[in-house]
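Working notes, structure below.
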Amino acid sequence: MQLNEFQNRFKELMLDHPKALENPPEDLAAFCDVKTGGGNINLPTRLKVYRNNIVGTLTDLMLTTFPVMEKLVGKDFLEGMSRSFILENPPNQGCLSLYGDGFAEFVEEFELAKSLPYLPDIARLELALNKAYYAQDDTALTAEELSNVAPEELEDLQLSLRDSVHLVSSRYPLTAIRDFCMAETQDGKLDLDQGSEKLIIYRPQLESVTALLESGEYLMLNNLANEQTLGKAVENVMNVQDDFDFQVFLQKHLALETFKALASNT
């Protein structure tokens, strides 16, 4: 057995049903040069230790990434839900700090979480905050750089959001839910009927932050994030909101450093 084959099969075994560890394949045992039942600690017991370490480490990572969810559902519930997610969605990249993609969609289908319909959007918000925090540094577009673009080229220009910028839209008041949950004391009752929110998550310095967006502003950013040209993005927003002020929008997001420098778009 080649090493890469062993590694893949070992990963699959670690994330298989716990009973699979009771009778591991003989070729895997032979590769490890360990005989089931031999030595002071048999192979199934050793595999269980590996499995507990792997799943436990990833579960702890999920608790770190989703603190608001922990406040909402409790540590035990989030641990159980995270373990179920981990077994179905093992890491596919080396940087575990970014682990969690797909968790919001998993929560949507998790039967025991369906009584909390806002929970998937909370997961999206927290994952966006985490991604923004760990995003690589890139260079922001400046007004001076944009002014160097020929006027006849502006309509076909593509502006890309920086790697640390993410958008989240929800019909629930996500920031109110987050602030209520993370407050030292919870006074009163949280009103979930405060209305929908459209948010930008970005990293101006060393921390990820959220800010509310107007609907046209969100739509414009979302259009650009989906690689629409500047002219097409403005046209699509104006078809929905004819009083959209592109000049105000552009000035605001140049100041926020929302966009990548043009050289980074190539």
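Below are the figures for this structure:
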| read-out | value |
| --- | --- |
| In the stretch 240-266, the residues that are surrounded by fewer than 18 Cβ atoms within 10 Å (Cβ to Cβ), under 26 Å from the mean Cα position of the chain (by Cα), modelled with pLDDT of 95 or more and not in a helix (DSSP H, G or I) | LEU256, ALA261 |
| Selected residue (only one of SER170, SER160 is buried (at least 16 other Cβ atoms within 10 Å of the Cβ), farther than 30 Å from LEU63 by Cα and in contact with an Asp or Glu (Cβ under 9 Å, 6 or more places away or on another chain)) | SER160 |
| Lone unmet requirement of (1) in contact with a helix residue (DSSP H, G or I) (Cβ under 8 Å, 6 or more places away or on another chain); (2) farther than 24 Å from PHE180 by Cβ; (3) in contact (Cβ under 8 Å) with a residue 40 or more places away in the chain; (4) not β-branched (Val, Ile, Thr) for GLU227 | (1) |
| Contacts under 8 angstrom Cβ, first residue in the stretch 42-69 being closer than 30 Å to TYR118 by Cα, partner of a type in the set (Lys, Arg), 6 or more apart | VAL55/ARG83; THR59/ARG83; LEU63/LYS75; VAL68/ARG178 |
| Filtered residues of the stretch 188-229 (kept if of a type in the set (Asp, Glu), in contact with a Lys or Arg (Cβ under 9 Å, 6 or more places away or on another chain) and farther than 16 Å from THR258 by Cα) | GLU197 |
| Checklist (1) in contact (Cβ under 8 Å) with a residue 12 or more places away in the chain; (2) farther than 22 Å from ASP121 by Cα applied to ALA255, failing item | (1) |
| Every residue from the stretch 146-189 that is more than 25 Å from the chain's Cα centre (by Cα) and either among the hydrophobic types (A, V, I, L, M, F, W, C) or within 26 Å of LEU98 (Cα to Cα) (or both) | LEU146, VAL149, ALA150, LEU154, LEU157 |
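The values are calculated or read from the model by the stated rules, or taken from the named source; none is laboratory data. Worth saying up front: this structure is predicted, and the values here are computed from it rather than measured. Virtual Cβ from ideal backbone geometry, glycine too; neighbours counted across all protein chains shown.
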